[in-house]
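J.: Before anything else, here's the structure in question.
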Amino acid sequence: MKPTHIEHIGIAVNNLEESIKYYEEIMGLECYGIEEIKDQKVKTAFFQVGDTKIELLESTSPDGPVGKFIDKKGPGIHHLAFAVDDAGQKLQDLSEKGVRLIDKEPRKGAEGLNIGFLHPRDTQGVLTEICDNKDHK
Ligand code: ZN
């Protein structure tokens, strides 16, 4: 199953408000949504750029995944999300090819889409997310 596009690029930021200002006032984009994802301990802000979104991630707790990432590497690009027709099927295909999965089963990510993360040790050092390219209701 071939990815259809880059669904989004996740960027870890220290301060959501300041980063939104940069993307709006300097880059000229418009933030169309802010959402807190409690189980991931992040607050997210979204910008659309063509088919692709920018997903800003501010940690809501130092022990969350983004808090730990910033602690180790500082703010910056956190993950890449590929859109596919069926995230569950793609995760299974990748697992059969020997890619370790962080999420064995897809779960609901931001915007209610089915998503799953792959282990960065098996993805050339880039934390990679597989994401449904639409809302399967
Ligand atoms: Zn993401």
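The values are calculated or read from the model by the stated rules, or taken from the named source; none is laboratory data. Predicted model only: the values in this text are computed from it and were never measured. Methodologically, a virtual Cβ is constructed for each residue, glycine included, from the backbone with ideal geometry; neighbour enumeration extends over all protein chains shown. Remember, those area values only see protein heavy atoms, side chains included, never the ligands or the DNA or RNA. Shrake-Rupley method; radii C 1.70, N 1.55, O 1.52, S 1.80 Å.
J.: State the extension gain, in nm to one decimal, for the chain segment bounded by E35 and E96, taking 0.36 nm per residue of separation less the distance between their alpha-carbons. Before the final figure, lay out the partial values.
T.: Numbers: separation 61, 0.36 × 61 = 21.96 nm, distance 3.33 nm.
Stretched out fully, the E35 to E96 stretch lengthens by 18.6 nm.
J.: Could you list the residues of the stretch 81-119 with an amide nitrogen less than 14 Å from a label point located 7 Å from the Cα of I6 in the Cα-to-C-beta direction?
T.: Counting backbone N atoms under 14 Å from the label point, the list is 81-83.
J.: Here is a follow-up. Which translational diffusion coefficient, to the nearest whole µm²/s, is obtained for the chain from the Stokes-Einstein equation, given a Kirkwood hydrodynamic radius over C-alpha pairs, 10 °C and 1.306 mPa s? Don't skip to the answer; put the middle values down first.
T.: Details: Rh = 15.2 Å.
Calculated translational D: 104 µm²/s.
J.: While we're here: For helix 87-96, what angle does its Cα long axis make with the longest principal axis of the chain, in degrees from 0 to 90 and rounded to 10?
T.: Value to nearest ten degrees: 60.
J.: Starting from the Cα of K21, draw a straight line to each of the lysines and keep only those under 21 Å, dropping any in the same chain fewer than 8 residues away.
T.: Partners found: K43, K53.
J.: Here's another thing I want to ask about it. Per residue, how many Å² of accessible area does the stretch 2-89 show with a 1.4 Å probe?
T.: Normalised by residue count, the accessible surface of the stretch 2-89 is 57 Å².
J.: Taking the Kirkwood radius as the inverse of the mean 1/r across Cα pairs, report the Rg/Rh of the stretch 60-137.
T.: With Rh from the inverse mean 1/r over Cα pairs, Rg/Rh is 0.99.
J.: Calculate what fraction, in whole %, of the accessible area of the stretch 5-136 sits on carbon and sulfur atoms when a 1.4 Å probe is rolled over the protein chains.
T.: Exposed carbon and sulfur together represent 50 percent of the surface.
J.: Then there's this: Convert each backbone phi in the stretch 119-128 into a coupling constant with the Karplus relation 6.51 cos²θ - 1.76 cosθ + 1.60 (shift: θ = phi - 60°), then list the ³J(HN,Hα) values in order as whole Hz, x for Gly and Pro.
T.: Per-residue couplings from phi come out as 6, x, 5, 9, 10, 6, x, 9, 4, 10 Hz.
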